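Some notes on the structure that comes next.
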Amino acid sequence: ATCEQKATDFESRQQLRAEELEAITKAIEIISSGAVKGSAEKHLPTLAQTSVSLVQLRSSAARQQQVAEFLHTRAEQLNSRVLSALAVRVSADPFAKVKKMIKDLIVKLMEQANKEADHKAYCDTELATNKQTREIKQSEVEELSASIEKKAAESAQLAEELKELSDDMSQLRKEQAEATAMRQKEKATNTVTMADAKAAQVAVQRATKVLKEFYARASGDASLLQGGGRLDAEMAQATQEPYTGMQSEHGGIVGFLEVILSDFARLEAETSSAEDAAATAYEKFMDESTEDIAVKTTATKHKTSKREQTEAAIASEKKELDLTQQELDAALAYYDKLKPECVDHGLSYEERVRMREEEIQSLKEALEILNQQDLA
């Protein structure tokens, strides 16, 4: 809305200036008319030799007043301060000063043209530099923002991976502790079992030995008894066969003890084998889990270091982003400052130059007409 208003105001000023020139030209035509020029040619030579009569003074004053009224009317129509001031000067000043006012106006317009050319060069330089600065800083802001966003995502991913590693290592340590407790309990049980099996084997062996010795003696005593005399006869009468112990059952008892001995030996062997297998499995698990923990610990160190570096880079880039954003804001503020005097004109510089040149040319033509009148 401001730009449109300024454009409208500028166009109004240009139209006003064109109408001013038209009014000045028409005033020159009135002055150059026969009523003024003819009277000057007819009467002024005489007046140059004699004093001016009251009637002639009134006639010149009337014509001068006519021009002043015309200019005043045009000034009101165009709302032109220049024409209004010129009308006052025409009505109050001598006719000869009209040419000087036109010359002064031409000089003023040329000075404006030179000033605007200098200003145009200044604006072109400042706008080009400012545009380049704004584009560079805007690009840097976008690149830094994207980089910070990317690094923030990387940091978040690293944090998640570090948490997973920490959870995994905690679980592995927990499983190691549970496996160690189970292994200690299992080892203690197996140790007791093997010790009991060994003790039992020793006891069964001793018992078997006792029985075998007894039955061996019993068999020998029976032979001696069968070789005796009367005593043997008497004993034979008491029993059909000599007593040699539980000869019919001793094989079953000894055999039973041998089975028991075998069972205890097998228990010891199986327990020992199970203990060795459990110990091997435990050691393998501990070695593998310890190695896994070591790998995860190393990964944790690397990821922690990388995350710290990433966070440091984010902090550094945020500071750089703040400074770059300040520079961009300053460039934008300067551009807003330049716009009223370098951008918001409505008409282009080339159009303004062309219109001003036409104004100057029109004034030069008007001045030429007055010069021709002087020659006439």
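None of the figures in this text is laboratory data; all of them are computed from the coordinates on show. This one's a predicted model, so the numbers in the text were calculated from it and none came from an experiment.
For region 295-303, 3J(HN,Hα) computed residue by residue from phi via the Karplus equation (6.51, -1.76, 1.60; θ = phi - 60°) reads 4, 5, 5, 4, 4, 5, 4, 5, 5 Hz, glycine and proline entered as x. Subtracting the Cα-Cα distance of LYS337 and LYS100 from 0.36 nm times their residue separation leaves 81.4 nm of extension gain.
Give me the extension gain from GLN309 to ASP124: residue separation times 0.36 nm, minus the current Cα-Cα distance, reported in nm with one decimal.
62.1 nm
Listed values for region 311-317 are Karplus-derived 3J(HN,Hα) couplings in whole Hz (6.51 cos²θ - 1.76 cosθ + 1.60, θ = phi - 60°), namely 5, 5, 5, 4, 4, 5, 5, and x replaces Gly and Pro. Computed from phi, the 3J(HN,Hα) profile of region 264-269 under the Karplus parametrisation 6.51, -1.76, 1.60 (θ = phi - 60°) reads 5, 5, 5, 4, 4, 5 Hz, with x in place of Gly and Pro.
In a fully extended conformation the segment linking ALA146 and GLU258 would gain 31.8 nm over its present Cα-Cα distance, using 0.36 nm per residue.
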